[in-house]
Structures are given as structure tokens and as C-alpha cells.
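The values are calculated or read from the model by the stated rules, or taken from the named source; none is laboratory data. These numbers come from a predicted model, not from an experiment. Glycine gets a Cβ as well: all are built from the backbone with ideal geometry, and neighbour counts include every protein chain shown.
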Amino acid sequence: MKAIQSLITVTLLVFITSLAHVIGAFATCADCVVDIVPMPGSGQAVNGRRSISVKIAPNLNSSPGTINPFVWNAVFGCTGCPVQGAVQQWNNTTDNGQANGAHIGYFLKQDQSTTSPDILIVKVPAGSLNNGGADAATGAANGPDGKPLPGKRVILLDERALRYEPARLAALIAHEIGHALGLGDNYKKRCTTIVNVVTSTNTPVVQPSDVAMVNQHLGNRGTCLSEQRHPLPNDGGSGEPSPSPTPVGCPDADNDSVCDAQDCND
Ligand SMILES: [Zn+2]
């Protein structure tokens with residue numbers, strides 16, 4: 001009897017383990033946000049993919065004219081680095097994880113010389129994001145008049161993140177790029193997605209399902225069902241999700257917390 005019981009237990013365990021494996025393999029983790037307008041990009045398309053220029057702001061220089069190499073590698077990667085840069089992850093991952101899969105419909109392109117990057121990465125003082133509860137955030141880039149520039153995004157990086165392990169910093173930046181490309185947060189514990197929480201012990205990389213979701217957003221964002229309403233600008237790259245208030249000075253004609261420039265309803 002004892003033997004049978006333990007056999008049943010073992011069988012059950014094996015069953016549960018394989019079920020968990022199946023769920024883990026097929027669950028859709030990321031979701032996209034209907035309120036975030038797909039990035040228009042700029043310049044020549046690359047292999048049919050919208051070109052998105054990515055620039056690291058000079059306030060992330062480690063010496064005059066030289067970007068902090070730690071940040072550079074986390075964003076763009078480097079030859080021989082064990083950790084893939086955020087841009088590499090987004091450019092190279094396919095929706096089925098195989099060479100024959102589809103890439104995201106965007107191509108992220110390093111461009112330090114442009115004066116109007118599609119995505120600008122900027123350092124902000126420690127503790128300045130979400131009352132210190134976030135170490136990174138994504139928002140609309142503002143023009144000289146303080147108004148959001150349509151289609152342009154800014155990623156704010158708390159200066160404390162510069163001390164993170166390379167895998168964590170790369171994950172954090174890839175997470176924020178995911179928001180710029182239309183993904184909402186998903187902090188479900190057993191869900192593997194770049195828009196899960198990024199901590200010292202959880203450093204996700206871009207997943208095939210993340211790529212598929214960016215393409216769904218780009219192709220038909222009306223089908224996006226993000227559990228978290230996540231209008232730009234505002235996001236915590238770590239910690240718990242928090243409400244995203246309309247930033248001061250952001251015109252929002254229909255009061256839905258989405259700036260005019262990003263809202264099809266305004
Ligand atoms: Zn986030």
C-alpha cells in the first residue's frame with residue numbers, strides 16, 4: 001500500500017511538472033497596450049523594418065565625448081560580451097525562437113549623431129522616478145516647447161542603475177524598450193517576459209512571445225489587452241506597477257491620461 005501510494009505521488013508530481021512545463025512554454029506572458037501608438041520610426045527602413053534610432057544622452061558620458069562603456073554595452077552590446085545588449089536582443093530575437101521566425105517590425109539602430117532620436121536614453125538623479133520606487137521609466141520625449149514629440153520616446157535611467165550587474169542593466173533597458181514598442185508590464189511571478197519585474201535575481205531577456213506581441217501591437221493594436229493600463233509616459237522598471245498620472249503640461253483633451261500626441265481619441 002505504501003509503495004502504491006508513493007508511486008501515485010511520484011506519478012502526480014511528474015504530471016504536474018510536465019503540465020507546468022507545457023504552461024510555461026505556451027502561456028502568453030506579455031501583452032500590448034492599446035493606448036500606446038506604434039512608433040513611426042525615421043529614416044530608411046532596414047529589410048522592411050521601421051528604423052528606430054537609439055541614442056544614449058551625453059549625461060551618460062564617463063568622460064567628455066565617451067559614453068559610459070557599461071551603459072553602452074547594456075544598450076548596444078559588444079563583441080565578446082557574455083550579456084547581449086538590449087538593442088541586440090530586440091533586433092535578433094524571432095517570434096518562434098528559430099532562424100526562420102519573424103523579427104519585430106522595427107530595427108533599432110544606434111545613432112549617436114542624430115539630434116532627434118526616436119529613443120533617447122537619459123540619466124536622472126537617484127530616487128527621482130515614481131517617488132524612488134522605480135529605477136527606470138519610459139515616456140514621451142518633449143520638444144523645446146515642453147510638448148510631447150509625436151512618435152519620440154525617452155527612457156529615463158536612475159543613476160543607481162549604473163551600478164547594476166551587466167545582465168540586470170541590459171534587462172532593465174530591454175524592458176523599457178519593450179514599453180516604447182507598445183508592451184505593458186506583466187509582473188506575474190512565473191511568467192517569463194522582458195516586461196516582468198527586473199531585479200538582481202530576475203534578469204529576463206527578450207522572449208519570442210515578446211516579439212510576437214510587439215508585432216501584434218504594430219499590426220493591430222486594437223487587439224491589445226494589457227492587464228495594466230500603461231500610457232506613456234510613466235513606468236516602473238522594478239517594484240510594483242503604479243498608476244500613471246497625466247504629466248503636468250501634457251494636453252489631454254478627453255481626460256484619459258494619454259497625451260494628445262499619443263492618443264487617437266484626443
Ligand atoms: Zn515596466
Is it the case that some residue within the stretch 79-97 is aliphatic (A, V, I, L, M), modelled with pLDDT of 95 or more and farther than 19 Å from residue 166 by Cα?
no
Restricting to the stretch 54-104, name every residue that is surrounded by 15 or more Cβ atoms within 10 Å (Cβ to Cβ), polar (S, T, N, Q) and under 23 Å from residue 216 (Cα atoms).
88, 89, 91, 93, 94
Qualifying residue in the stretch 145-158 (condition: in contact (Cβ under 8 Å) with a residue 60 or more places away in the chain, within 16 Å of the ligand (Cβ to nearest atom) and part of a loop (DSSP other than H, G, I, E, B)):
no
Any residue in the stretch 159-181 that is away from the ligand (no atom under 14 Å from the Cβ), at pLDDT below 95 and in a loop (DSSP other than H, G, I, E, B)?
no
Which of the residues that make up the stretch 119-144 are outside any loop (DSSP other than H, G, I, E, B) and at positive phi?
130, 131, 132
Take the residues in the stretch 182-201 that are of a type in the set (A, V, I, L, M, F, W, C) and part of a loop (DSSP other than H, G, I, E, B), then tell me which one is farthest from residue 87 (Cα to Cα).
191
In the stretch 105-121, what count of residues is obtained for those that are surrounded by fewer than 23 Cβ atoms within 10 Å (Cβ to Cβ) and either among the hydrophobic types (A, V, I, L, M, F, W, C) or within 14 Å of the chain's Cα centre (by Cα) (or both)?
2
In this structure, does residue 235 turn out to be at pLDDT below 55 and more than 12 Å from the ligand (Cβ to nearest atom)?
no
Could you check, for the stretch 110-118, whether at least one of its residues is on the phi > 0 side of the Ramachandran plot and outside any helix (DSSP H, G or I)?
no
Kindly establish whether residue 205 is in contact with a helix residue (DSSP H, G or I) (Cβ under 7 Å, 6 or more places away or on another chain), at pLDDT 95 or above, in a loop (DSSP other than H, G, I, E, B) and of a type in the set (A, V, I, L, M, F, W, C).
yes
